[in-house]
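The values are calculated or read from the model by the stated rules, or taken from the named source; none is laboratory data. Everything numeric here is computed off the predicted structure, so don't read it as measured data. Every residue, glycine as well, gets a Cβ built from its backbone with ideal geometry; the counts of neighbours run over all protein chains shown. Areas reflect the complete protein model, heavy atoms only, side chains present, ligands, DNA and RNA absent. Shrake-Rupley method; radii C 1.70, N 1.55, O 1.52, S 1.80 Å.
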Amino acid sequence: MTITPNTDPFALARSLSGLHLINGALVPAASGTSFDVINPATGAVIGTAAEGDARDVDAAVTAAAKAQKAWKAMPARERGKLVVECGRRLMDHVDELGRLIALETGKALRTESRIEASVLADAFVFFGGLASELKGESVPFNPSMLTVTVREPIGVVGAIIPWNVPLLLMALKVAPALVAGNAVVVKSAEEAPLTVLRVCQIMNEVLPAGLFNILSGFGPECGAPLVSHPKVGKVTFTGSVETGKIVSRMAADKLIPVTLELGGKSPMIIMGDADLEKAIAGATAGMRFTRQGQSCTASSRIYVHDSLHDEFVRRLKANVDAMKMGDPLDEATDIGTIISPDQFARVQHYISEGKKHGTAHVCSQLPEDPSLKDGLFIQPVIFTDLPADAAPAREEIFGPVCCVFRFTDYEAVLAEANNSEYGLAATIWTRDLKTALDAAHRLEAGFVQVNQNLVVQPNLSYGGTKLSGLGKEATLESMLEHFTHKKTIIVNMG
Ligand code: ADP
(Lines give C-alpha, C1' and ligand atoms only; values in the text may rest on other atoms or scores of the structure.)
Protein backbone atom coordinates (compact mmCIF):
# COMPACT_ATOMS: atom_id res chain seq x y z
CA MET A 1 0.00 0.00 0.00
CA THR A 2 1.19 3.54 -0.66
CA ILE A 3 0.12 6.30 1.69
CA THR A 4 -1.15 9.38 -0.13
CA PRO A 5 0.47 12.68 0.89
CA ASN A 6 -1.74 14.91 3.01
CA THR A 7 -0.73 18.56 2.73
CA ASP A 8 -3.19 19.79 5.36
CA PRO A 9 -0.87 19.69 8.38
CA PHE A 10 -3.69 20.42 10.84
CA ALA A 11 -5.70 17.40 9.69
CA LEU A 12 -2.56 15.26 9.62
CA ALA A 13 -1.60 16.30 13.16
CA ARG A 14 -5.05 15.30 14.41
CA SER A 15 -4.93 11.96 12.62
CA LEU A 16 -1.56 11.08 14.18
CA SER A 17 -2.59 12.15 17.68
CA GLY A 18 -2.11 10.01 20.78
CA LEU A 19 -0.22 7.22 19.02
CA HIS A 20 3.07 5.34 19.07
CA LEU A 21 4.10 3.10 16.21
CA ILE A 22 4.96 -0.34 17.57
CA ASN A 23 5.34 -3.55 15.57
CA GLY A 24 3.95 -1.99 12.40
CA ALA A 25 0.79 -0.57 14.00
CA LEU A 26 -0.27 2.82 15.33
CA VAL A 27 -1.24 2.21 18.96
CA PRO A 28 -2.09 4.34 22.01
CA ALA A 29 0.17 4.42 25.08
CA ALA A 30 -0.15 1.55 27.56
CA SER A 31 -1.06 4.16 30.19
CA GLY A 32 -3.86 5.49 27.95
CA THR A 33 -2.51 9.01 28.49
CA SER A 34 -1.18 11.59 26.07
CA PHE A 35 0.13 15.16 26.16
CA ASP A 36 -0.57 18.22 24.03
CA VAL A 37 1.41 19.19 20.97
CA ILE A 38 1.46 22.97 20.56
CA ASN A 39 1.82 25.18 17.49
CA PRO A 40 4.49 27.62 18.74
CA ALA A 41 3.33 30.27 16.26
CA THR A 42 -0.08 30.61 17.92
CA GLY A 43 0.01 28.66 21.18
CA ALA A 44 -2.90 26.52 19.92
CA VAL A 45 -3.07 22.77 20.59
CA ILE A 46 -2.71 20.98 17.24
CA GLY A 47 -2.81 17.42 18.48
CA THR A 48 -1.57 15.08 21.17
CA ALA A 49 1.27 12.61 21.61
CA ALA A 50 1.10 9.24 23.33
CA GLU A 51 2.76 9.42 26.75
CA GLY A 52 5.10 6.45 26.68
CA ASP A 53 6.52 4.61 29.66
CA ALA A 54 8.50 1.44 30.37
CA ARG A 55 5.63 -0.77 29.19
CA ASP A 56 5.59 0.81 25.73
CA VAL A 57 9.37 0.61 25.62
CA ASP A 58 9.24 -3.09 26.41
CA ALA A 59 6.58 -3.74 23.73
CA ALA A 60 8.60 -1.86 21.09
CA VAL A 61 11.95 -3.43 21.99
CA THR A 62 10.45 -6.93 22.09
CA ALA A 63 8.92 -6.42 18.63
CA ALA A 64 12.21 -5.00 17.36
CA ALA A 65 14.28 -7.91 18.70
CA LYS A 66 11.93 -10.39 17.01
CA ALA A 67 11.91 -8.58 13.65
CA GLN A 68 15.68 -8.13 13.66
CA LYS A 69 16.33 -11.88 13.40
CA ALA A 70 14.90 -12.16 9.87
CA TRP A 71 16.22 -8.73 8.85
CA LYS A 72 19.76 -9.70 9.83
CA ALA A 73 19.48 -12.89 7.77
CA MET A 74 18.43 -10.97 4.64
CA PRO A 75 21.19 -10.23 2.07
CA ALA A 76 22.57 -6.76 2.78
CA ARG A 77 21.66 -5.44 -0.67
CA GLU A 78 18.05 -6.53 -0.23
CA ARG A 79 17.92 -4.56 3.01
CA GLY A 80 19.54 -1.63 1.23
CA LYS A 81 16.95 -1.73 -1.56
CA LEU A 82 14.11 -1.53 0.94
CA VAL A 83 15.75 1.42 2.68
CA VAL A 84 16.24 3.18 -0.69
CA GLU A 85 12.54 2.54 -1.39
CA CYS A 86 11.72 4.22 1.95
CA GLY A 87 13.75 7.23 0.78
CA ARG A 88 11.87 7.31 -2.55
CA ARG A 89 8.50 7.26 -0.82
CA LEU A 90 9.59 9.94 1.63
CA MET A 91 10.63 12.04 -1.37
CA ASP A 92 6.94 12.01 -2.47
CA HIS A 93 6.02 13.36 0.97
CA VAL A 94 8.53 16.23 1.17
CA ASP A 95 5.90 18.96 1.00
CA GLU A 96 3.60 17.18 3.45
CA LEU A 97 6.41 16.51 5.95
CA GLY A 98 7.72 20.06 5.53
CA ARG A 99 4.30 21.48 6.41
CA LEU A 100 3.83 19.27 9.43
CA ILE A 101 7.29 19.97 10.84
CA ALA A 102 6.75 23.72 10.29
CA LEU A 103 3.48 23.47 12.20
CA GLU A 104 4.86 21.62 15.20
CA THR A 105 8.29 23.29 15.48
CA GLY A 106 7.67 26.82 14.15
CA LYS A 107 10.47 26.55 11.57
CA ALA A 108 9.66 28.38 8.38
CA LEU A 109 8.48 26.13 5.55
CA ARG A 110 10.47 27.68 2.68
CA THR A 111 13.77 28.43 4.42
CA GLU A 112 13.98 25.39 6.73
CA SER A 113 11.23 22.80 7.01
CA ARG A 114 10.81 21.69 3.41
CA ILE A 115 14.59 21.51 3.02
CA GLU A 116 14.89 19.32 6.10
CA ALA A 117 12.23 16.94 4.77
CA SER A 118 14.10 16.63 1.52
CA VAL A 119 17.47 15.90 3.21
CA LEU A 120 15.69 13.27 5.33
CA ALA A 121 14.58 11.43 2.20
CA ASP A 122 18.04 11.76 0.68
CA ALA A 123 19.70 10.26 3.78
CA PHE A 124 17.70 7.02 3.36
CA VAL A 125 18.63 6.83 -0.33
CA PHE A 126 22.29 7.48 0.54
CA PHE A 127 22.59 4.84 3.27
CA GLY A 128 20.47 2.29 1.36
CA GLY A 129 23.04 2.50 -1.43
CA LEU A 130 25.87 1.69 1.00
CA ALA A 131 24.52 -1.74 1.95
CA SER A 132 27.05 -3.69 -0.09
CA GLU A 133 29.88 -1.80 1.60
CA LEU A 134 29.30 -3.66 4.88
CA LYS A 135 32.50 -5.54 4.14
CA GLY A 136 35.03 -7.16 6.42
CA GLU A 137 38.73 -7.80 5.77
CA SER A 138 40.93 -10.77 5.00
CA VAL A 139 43.77 -10.96 7.50
CA PRO A 140 47.29 -12.27 6.60
CA PHE A 141 47.52 -14.32 9.79
CA ASN A 142 48.70 -17.81 8.85
CA PRO A 143 48.86 -19.28 5.34
CA SER A 144 47.09 -22.46 6.45
CA MET A 145 44.26 -20.57 8.07
CA LEU A 146 41.67 -18.44 6.31
CA THR A 147 41.28 -15.44 8.60
CA VAL A 148 38.58 -12.87 7.93
CA THR A 149 36.59 -10.26 9.75
CA VAL A 150 32.87 -9.77 9.23
CA ARG A 151 30.57 -6.97 10.26
CA GLU A 152 27.54 -8.09 12.27
CA PRO A 153 24.61 -5.96 13.36
CA ILE A 154 24.32 -5.15 17.05
CA GLY A 155 20.64 -6.08 17.39
CA VAL A 156 18.24 -3.45 18.71
CA VAL A 157 19.36 0.18 18.58
CA GLY A 158 17.73 2.79 20.82
CA ALA A 159 17.74 6.28 19.31
CA ILE A 160 16.85 9.42 21.28
CA ILE A 161 16.36 12.56 19.24
CA PRO A 162 15.83 16.29 19.86
CA TRP A 163 13.28 18.78 18.50
CA ASN A 164 15.44 21.20 16.50
CA VAL A 165 16.09 19.11 13.36
CA PRO A 166 14.19 15.94 14.24
CA LEU A 167 13.77 14.56 10.72
CA LEU A 168 17.38 14.80 9.61
CA LEU A 169 18.85 13.82 12.96
CA MET A 170 16.55 10.79 13.13
CA ALA A 171 17.48 9.77 9.57
CA LEU A 172 21.20 9.91 10.36
CA LYS A 173 20.59 7.31 13.07
CA VAL A 174 17.79 5.14 11.68
CA ALA A 175 19.08 4.77 8.11
CA PRO A 176 22.56 3.39 8.89
CA ALA A 177 21.25 1.31 11.81
CA LEU A 178 18.69 -0.42 9.56
CA VAL A 179 21.01 -0.90 6.60
CA ALA A 180 23.57 -2.52 8.91
CA GLY A 181 20.93 -5.10 9.89
CA ASN A 182 19.63 -3.70 13.17
CA ALA A 183 16.10 -2.95 14.31
CA VAL A 184 15.43 0.48 15.82
CA VAL A 185 13.29 2.02 18.54
CA VAL A 186 13.21 5.83 18.44
CA LYS A 187 12.14 8.05 21.34
CA SER A 188 11.00 11.33 19.82
CA ALA A 189 11.34 14.75 21.45
CA GLU A 190 8.38 15.93 23.50
CA GLU A 191 8.07 19.12 21.43
CA ALA A 192 8.13 17.47 17.97
CA PRO A 193 6.58 14.00 18.05
CA LEU A 194 4.21 14.04 15.06
CA THR A 195 6.28 14.44 11.89
CA VAL A 196 8.74 11.72 12.89
CA LEU A 197 5.76 9.46 13.61
CA ARG A 198 4.48 10.15 10.09
CA VAL A 199 7.90 9.24 8.65
CA CYS A 200 7.82 5.97 10.58
CA GLN A 201 4.29 5.27 9.29
CA ILE A 202 5.37 5.83 5.67
CA MET A 203 8.43 3.60 6.12
CA ASN A 204 6.39 0.87 7.76
CA GLU A 205 4.54 0.45 4.47
CA VAL A 206 7.87 -0.77 3.06
CA LEU A 207 9.69 -2.39 5.99
CA PRO A 208 8.75 -5.60 7.83
CA ALA A 209 6.70 -4.92 10.99
CA GLY A 210 8.73 -4.33 14.14
CA LEU A 211 11.93 -3.13 12.50
CA PHE A 212 11.32 0.55 12.98
CA ASN A 213 9.27 1.61 16.01
CA ILE A 214 8.74 5.05 17.43
CA LEU A 215 7.61 6.13 20.86
CA SER A 216 6.72 9.56 22.19
CA GLY A 217 7.02 10.55 25.81
CA PHE A 218 9.11 12.36 28.36
CA GLY A 219 12.83 11.79 28.89
CA PRO A 220 12.95 10.16 32.33
CA GLU A 221 9.73 8.15 31.83
CA CYS A 222 10.26 6.94 28.25
CA GLY A 223 13.83 7.74 27.16
CA ALA A 224 15.53 6.33 30.28
CA PRO A 225 13.80 2.89 30.12
CA LEU A 226 14.79 2.66 26.46
CA VAL A 227 18.46 3.17 27.33
CA SER A 228 18.33 0.71 30.23
CA HIS A 229 16.25 -1.99 28.50
CA PRO A 230 18.26 -5.24 28.58
CA LYS A 231 17.64 -6.00 24.90
CA VAL A 232 18.89 -2.61 23.63
CA GLY A 233 22.51 -3.11 22.58
CA LYS A 234 23.42 0.38 21.41
CA VAL A 235 22.18 3.89 22.12
CA THR A 236 22.55 6.86 19.84
CA PHE A 237 21.58 10.20 21.33
CA THR A 238 21.37 13.80 20.17
CA GLY A 239 20.47 16.46 22.73
CA SER A 240 21.88 18.48 25.58
CA VAL A 241 25.19 17.86 27.35
CA GLU A 242 23.43 17.24 30.69
CA THR A 243 21.12 14.57 29.29
CA GLY A 244 23.95 13.12 27.22
CA LYS A 245 25.90 12.50 30.42
CA ILE A 246 22.87 10.82 32.05
CA VAL A 247 22.39 8.59 28.99
CA SER A 248 26.07 7.76 28.92
CA ARG A 249 26.05 6.74 32.60
CA MET A 250 23.04 4.49 32.06
CA ALA A 251 24.70 2.92 29.02
CA ALA A 252 27.88 2.37 31.06
CA ASP A 253 25.90 0.32 33.59
CA LYS A 254 25.08 -2.12 30.79
CA LEU A 255 28.46 -1.67 29.07
CA ILE A 256 26.84 -0.87 25.75
CA PRO A 257 28.26 1.56 23.19
CA VAL A 258 26.78 5.03 22.97
CA THR A 259 27.07 7.79 20.38
CA LEU A 260 26.47 11.34 21.60
CA GLU A 261 25.85 14.44 19.50
CA LEU A 262 25.67 17.31 21.98
CA GLY A 263 25.97 21.07 22.06
CA GLY A 264 28.18 23.69 20.51
CA LYS A 265 29.29 27.30 20.68
CA SER A 266 30.88 27.41 17.28
CA PRO A 267 33.40 30.12 16.38
CA MET A 268 33.69 31.91 13.04
CA ILE A 269 36.83 33.92 12.30
CA ILE A 270 36.77 36.64 9.64
CA MET A 271 40.32 37.67 8.76
CA GLY A 272 41.17 41.16 7.50
CA ASP A 273 41.74 39.82 3.95
CA ALA A 274 38.39 38.00 3.76
CA ASP A 275 35.86 38.54 0.95
CA LEU A 276 33.53 40.58 3.15
CA GLU A 277 30.47 40.14 0.95
CA LYS A 278 30.75 36.35 1.07
CA ALA A 279 31.67 36.33 4.76
CA ILE A 280 28.54 38.31 5.65
CA ALA A 281 26.36 35.94 3.64
CA GLY A 282 28.17 33.03 5.29
CA ALA A 283 27.69 34.46 8.77
CA THR A 284 23.99 35.02 8.09
CA ALA A 285 23.61 31.39 7.00
CA GLY A 286 26.09 30.04 9.58
CA MET A 287 24.28 31.64 12.50
CA ARG A 288 21.10 29.86 11.27
CA PHE A 289 18.96 32.95 11.70
CA THR A 290 16.28 31.22 9.60
CA ARG A 291 16.16 28.50 12.26
CA GLN A 292 16.01 31.08 15.04
CA GLY A 293 19.58 30.02 15.89
CA GLN A 294 18.30 26.67 17.16
CA SER A 295 21.24 24.71 15.85
CA CYS A 296 24.19 23.12 17.62
CA THR A 297 26.48 24.25 14.79
CA ALA A 298 25.26 27.88 14.81
CA SER A 299 28.23 30.26 14.39
CA SER A 300 27.30 32.07 17.57
CA ARG A 301 30.77 33.50 18.29
CA ILE A 302 31.98 35.62 15.39
CA TYR A 303 35.48 37.14 15.55
CA VAL A 304 35.95 39.90 12.98
CA HIS A 305 39.20 41.66 12.20
CA ASP A 306 39.22 45.22 13.51
CA SER A 307 39.52 46.64 9.96
CA LEU A 308 36.17 45.03 8.94
CA HIS A 309 34.32 44.86 12.25
CA ASP A 310 32.04 47.91 12.04
CA GLU A 311 31.06 47.40 8.43
CA PHE A 312 30.49 43.69 9.08
CA VAL A 313 28.12 44.39 11.98
CA ARG A 314 26.22 47.04 10.01
CA ARG A 315 25.76 44.79 6.99
CA LEU A 316 25.00 41.63 8.98
CA LYS A 317 22.27 43.56 10.78
CA ALA A 318 20.92 44.84 7.45
CA ASN A 319 20.75 41.24 6.19
CA VAL A 320 18.81 40.06 9.20
CA ASP A 321 16.61 43.17 9.16
CA ALA A 322 15.56 42.19 5.64
CA MET A 323 14.31 38.81 6.86
CA LYS A 324 10.61 38.49 7.43
CA MET A 325 9.36 36.96 10.67
CA GLY A 326 5.94 35.43 10.42
CA ASP A 327 3.70 32.39 10.09
CA PRO A 328 6.01 29.40 9.55
CA LEU A 329 3.56 27.97 7.00
CA ASP A 330 3.62 31.15 4.88
CA GLU A 331 5.97 30.83 1.89
CA ALA A 332 7.01 34.47 2.36
CA THR A 333 8.33 33.86 5.88
CA ASP A 334 12.09 33.67 6.49
CA ILE A 335 12.12 33.35 10.29
CA GLY A 336 9.59 31.45 12.40
CA THR A 337 9.39 30.87 16.13
CA ILE A 338 11.25 29.50 19.11
CA ILE A 339 10.12 25.96 19.94
CA SER A 340 8.61 26.26 23.44
CA PRO A 341 7.83 28.70 26.26
CA ASP A 342 10.73 27.28 28.34
CA GLN A 343 13.19 27.83 25.54
CA PHE A 344 11.69 31.27 24.88
CA ALA A 345 12.32 32.27 28.53
CA ARG A 346 15.87 30.90 28.37
CA VAL A 347 16.72 32.91 25.24
CA GLN A 348 15.17 36.07 26.74
CA HIS A 349 17.29 35.54 29.84
CA TYR A 350 20.49 35.47 27.77
CA ILE A 351 19.40 38.58 25.87
CA SER A 352 18.85 40.51 29.10
CA GLU A 353 22.19 39.27 30.45
CA GLY A 354 23.93 40.43 27.27
CA LYS A 355 22.27 43.84 27.45
CA LYS A 356 23.83 44.37 30.89
CA HIS A 357 27.36 43.91 29.53
CA GLY A 358 27.38 44.82 25.84
CA THR A 359 25.57 46.54 22.96
CA ALA A 360 22.49 44.80 21.54
CA HIS A 361 21.68 45.32 17.86
CA VAL A 362 18.08 44.12 17.64
CA CYS A 363 17.08 42.97 14.14
CA SER A 364 14.01 42.36 11.98
CA GLN A 365 10.44 43.04 13.11
CA LEU A 366 7.96 40.99 15.11
CA PRO A 367 4.98 39.91 12.98
CA GLU A 368 1.97 42.25 13.06
CA ASP A 369 -0.62 39.58 12.26
CA PRO A 370 -2.96 39.47 15.32
CA SER A 371 -3.42 35.71 14.92
CA LEU A 372 0.29 35.34 15.80
CA LYS A 373 0.18 37.53 18.91
CA ASP A 374 0.78 34.55 21.23
CA GLY A 375 3.52 33.11 19.02
CA LEU A 376 7.01 32.52 20.41
CA PHE A 377 8.71 35.07 18.17
CA ILE A 378 11.99 36.66 19.26
CA GLN A 379 13.76 39.40 17.36
CA PRO A 380 17.31 38.25 16.50
CA VAL A 381 20.05 40.04 18.44
CA ILE A 382 23.66 40.73 17.43
CA PHE A 383 25.77 41.60 20.46
CA THR A 384 28.96 43.64 20.20
CA ASP A 385 31.40 44.81 22.91
CA LEU A 386 30.60 41.86 25.18
CA PRO A 387 33.36 40.69 27.53
CA ALA A 388 34.62 37.28 26.38
CA ASP A 389 33.52 35.70 29.65
CA ALA A 390 29.91 37.00 29.60
CA ALA A 391 27.40 34.13 29.74
CA PRO A 392 25.92 34.79 26.24
CA ALA A 393 29.45 34.65 24.82
CA ARG A 394 30.34 31.34 26.47
CA GLU A 395 27.18 29.27 26.87
CA GLU A 396 25.03 27.64 24.23
CA ILE A 397 21.87 29.75 23.86
CA PHE A 398 20.03 27.85 21.12
CA GLY A 399 18.36 31.06 20.03
CA PRO A 400 18.83 33.87 17.47
CA VAL A 401 21.63 35.54 19.40
CA CYS A 402 25.15 35.95 18.09
CA CYS A 403 28.13 37.66 19.70
CA VAL A 404 30.55 39.56 17.47
CA PHE A 405 34.06 40.31 18.78
CA ARG A 406 36.80 42.54 17.38
CA PHE A 407 40.34 41.19 16.98
CA THR A 408 43.71 42.22 15.56
CA ASP A 409 46.06 39.31 16.33
CA TYR A 410 45.68 35.93 14.59
CA GLU A 411 47.29 33.81 17.35
CA ALA A 412 45.16 35.50 20.00
CA VAL A 413 41.93 34.97 18.06
CA LEU A 414 42.74 31.33 17.39
CA ALA A 415 43.34 30.79 21.10
CA GLU A 416 40.06 32.54 21.92
CA ALA A 417 38.16 30.50 19.32
CA ASN A 418 39.48 27.32 20.97
CA ASN A 419 38.77 28.63 24.46
CA SER A 420 35.48 26.79 24.77
CA GLU A 421 34.31 23.58 26.39
CA TYR A 422 32.65 22.74 23.07
CA GLY A 423 34.24 21.63 19.80
CA LEU A 424 31.57 21.00 17.18
CA ALA A 425 32.07 23.31 14.19
CA ALA A 426 34.31 26.23 13.22
CA THR A 427 34.67 28.50 10.20
CA ILE A 428 37.37 30.81 8.88
CA TRP A 429 37.14 33.37 6.09
CA THR A 430 40.44 34.39 4.48
CA ARG A 431 41.98 34.70 1.03
CA ASP A 432 45.33 33.44 2.33
CA LEU A 433 45.78 29.70 1.78
CA LYS A 434 48.46 29.36 4.44
CA THR A 435 46.27 30.93 7.12
CA ALA A 436 43.29 28.85 5.98
CA LEU A 437 45.20 25.58 6.28
CA ASP A 438 46.87 26.55 9.53
CA ALA A 439 43.52 27.42 11.11
CA ALA A 440 41.83 24.33 9.68
CA HIS A 441 44.41 22.16 11.43
CA ARG A 442 44.45 24.06 14.71
CA LEU A 443 40.75 24.81 15.29
CA GLU A 444 39.40 22.33 17.85
CA ALA A 445 36.24 21.14 16.13
CA GLY A 446 34.81 18.11 14.36
CA PHE A 447 33.85 20.16 11.28
CA VAL A 448 35.92 23.08 9.96
CA GLN A 449 34.85 25.11 6.93
CA VAL A 450 36.91 27.65 5.01
CA ASN A 451 35.13 30.38 3.04
CA GLN A 452 31.75 28.68 3.11
CA ASN A 453 28.95 27.57 5.39
CA LEU A 454 27.25 24.35 4.41
CA VAL A 455 24.96 22.45 6.74
CA VAL A 456 25.05 18.75 7.64
CA GLN A 457 24.81 16.44 4.62
CA PRO A 458 25.05 12.70 4.12
CA ASN A 459 28.65 11.61 3.37
CA LEU A 460 30.18 14.50 5.36
CA SER A 461 31.34 13.21 8.73
CA TYR A 462 29.50 15.06 11.46
CA GLY A 463 30.15 15.22 15.20
CA GLY A 464 32.17 17.01 17.81
CA THR A 465 35.11 16.91 20.15
CA LYS A 466 35.26 17.98 23.84
CA LEU A 467 31.75 18.41 25.34
CA SER A 468 30.19 18.40 21.86
CA GLY A 469 30.04 14.64 21.83
CA LEU A 470 31.41 11.19 21.20
CA GLY A 471 31.45 9.54 17.79
CA LYS A 472 30.64 10.81 14.33
CA GLU A 473 27.60 10.35 12.11
CA ALA A 474 26.51 10.54 8.47
CA THR A 475 29.13 8.41 6.69
CA LEU A 476 29.86 4.83 5.66
CA GLU A 477 32.57 4.67 8.35
CA SER A 478 30.12 5.83 11.01
CA MET A 479 27.68 3.09 9.96
CA LEU A 480 30.39 0.45 10.30
CA GLU A 481 31.81 1.82 13.51
CA HIS A 482 28.61 2.56 15.40
CA PHE A 483 26.05 0.06 14.15
CA THR A 484 28.06 -3.14 13.70
CA HIS A 485 30.39 -5.41 15.68
CA LYS A 486 33.53 -6.65 14.03
CA LYS A 487 33.94 -10.43 14.37
CA THR A 488 37.12 -12.32 13.56
CA ILE A 489 36.70 -15.79 12.02
CA ILE A 490 39.64 -18.19 11.62
CA VAL A 491 39.19 -21.32 9.54
CA ASN A 492 42.05 -23.79 10.02
CA MET A 493 42.51 -25.61 6.73
CA GLY A 494 45.49 -27.65 7.91
P1 ADP B 1 16.53 19.82 25.22
O2 ADP B 1 16.85 20.51 26.50
O3 ADP B 1 17.03 20.49 24.03
O4 ADP B 1 15.11 19.35 25.10
P5 ADP B 1 17.34 17.21 26.08
O6 ADP B 1 18.72 16.67 26.11
O7 ADP B 1 16.64 17.40 27.36
O8 ADP B 1 17.45 18.53 25.23
O9 ADP B 1 16.41 16.31 25.15
C10 ADP B 1 16.85 15.56 24.06
C11 ADP B 1 16.14 14.22 24.09
O12 ADP B 1 16.53 13.51 25.26
C13 ADP B 1 14.62 14.32 24.14
O14 ADP B 1 14.06 13.30 23.33
C15 ADP B 1 14.33 14.07 25.60
O16 ADP B 1 13.05 13.55 25.85
C17 ADP B 1 15.38 13.04 25.93
N18 ADP B 1 15.66 12.92 27.38
C19 ADP B 1 15.58 13.88 28.33
N20 ADP B 1 15.91 13.39 29.52
C21 ADP B 1 16.23 12.07 29.37
C22 ADP B 1 16.65 11.01 30.22
N23 ADP B 1 16.82 11.19 31.53
N24 ADP B 1 16.87 9.80 29.67
C25 ADP B 1 16.74 9.59 28.35
N26 ADP B 1 16.32 10.55 27.50
C27 ADP B 1 16.07 11.77 27.97
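What the table shows:
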{"quantity": "Spin-label zone in the stretch 321-343 - amide nitrogen under 15 Å from a point set 7 Å from the Cα of Asp369 along the C-beta vector", "calculated": "324-338"}
{"quantity": "Solvent accessible area, Å² - Met74, 1.4 Å probe, full protein context", "calculated": "50"}
{"quantity": "Partner lysines for Lys265 [C-alpha distance under 24 Å; skip if fewer than 8 residues away on the same chain]", "calculated": "Lys107, Lys173, Lys245, Lys278, Lys317, Lys355, Lys356, Lys466, Lys472"}
{"quantity": "Magnitude of the charge dipole, the chain, Cβ model with Lys/Arg +1 and Asp/Glu -1, debye to 20", "calculated": "1460"}
{"quantity": "Projected area averaged over orientations for the stretch 136-285, convex hull of C-alpha atoms, nm²", "calculated": "14.8"}
{"quantity": "Value in Å of the Kirkwood radius, where the stretch 1-100 supplies the Cα pairs that are averaged", "calculated": "15.9"}
{"quantity": "Which of His357, His20 is most accessible, then next, and so on - probe 1.4 Å", "calculated": "His357, His20"}
{"quantity": "About the Cα centre, charge dipole magnitude for the stretch 267-458 (Lys/Arg +1, Asp/Glu -1 at Cβ), debye", "calculated": "20"}
{"quantity": "Equivalent-ellipsoid semi-axes of the chain, from the Cα gyration tensor, Å, largest first", "calculated": "38, 29, 19"}
{"quantity": "Antiparallel %, DSSP beta bridges [both residues in the chain], to 5", "calculated": "45"}
{"quantity": "The stretch 267-458 - convex hull of alpha carbons, volume per residue in Å³", "calculated": "120"}
{"quantity": "In order through the stretch 81-95: 3J(HN,Hα) via Karplus (6.51 cos²θ - 1.76 cosθ + 1.60), integer Hz, x for Gly, Pro", "calculated": "4, 5, 5, 4, 4, 4, x, 4, 5, 5, 4, 5, 10, 4, 5"}
{"quantity": "Ordering of 452-465, 2-15 by packing [mean C-beta count within 10 Å, highest first]", "calculated": "452-465, 2-15"}
{"quantity": "Of Phe35, Pro328, Pro176, farthest towards positive along the dipole that unit charges on Lys, Arg, Asp, Glu beta carbons give the chain", "calculated": "Pro176"}
{"quantity": "Per principal axis, descending, Cα span of the stretch 345-429 in whole Å", "calculated": "51, 25, 24"}
{"quantity": "Lys, Arg +1 and Asp, Glu -1 on Cβ, resulting dipole of the stretch 234-275 about Cα centre, debye, nearest 20", "calculated": "400"}
{"quantity": "Of Ala108, Gly217, Cys200, farthest towards positive along the dipole that unit charges on Lys, Arg, Asp, Glu beta carbons give the chain", "calculated": "Cys200"}
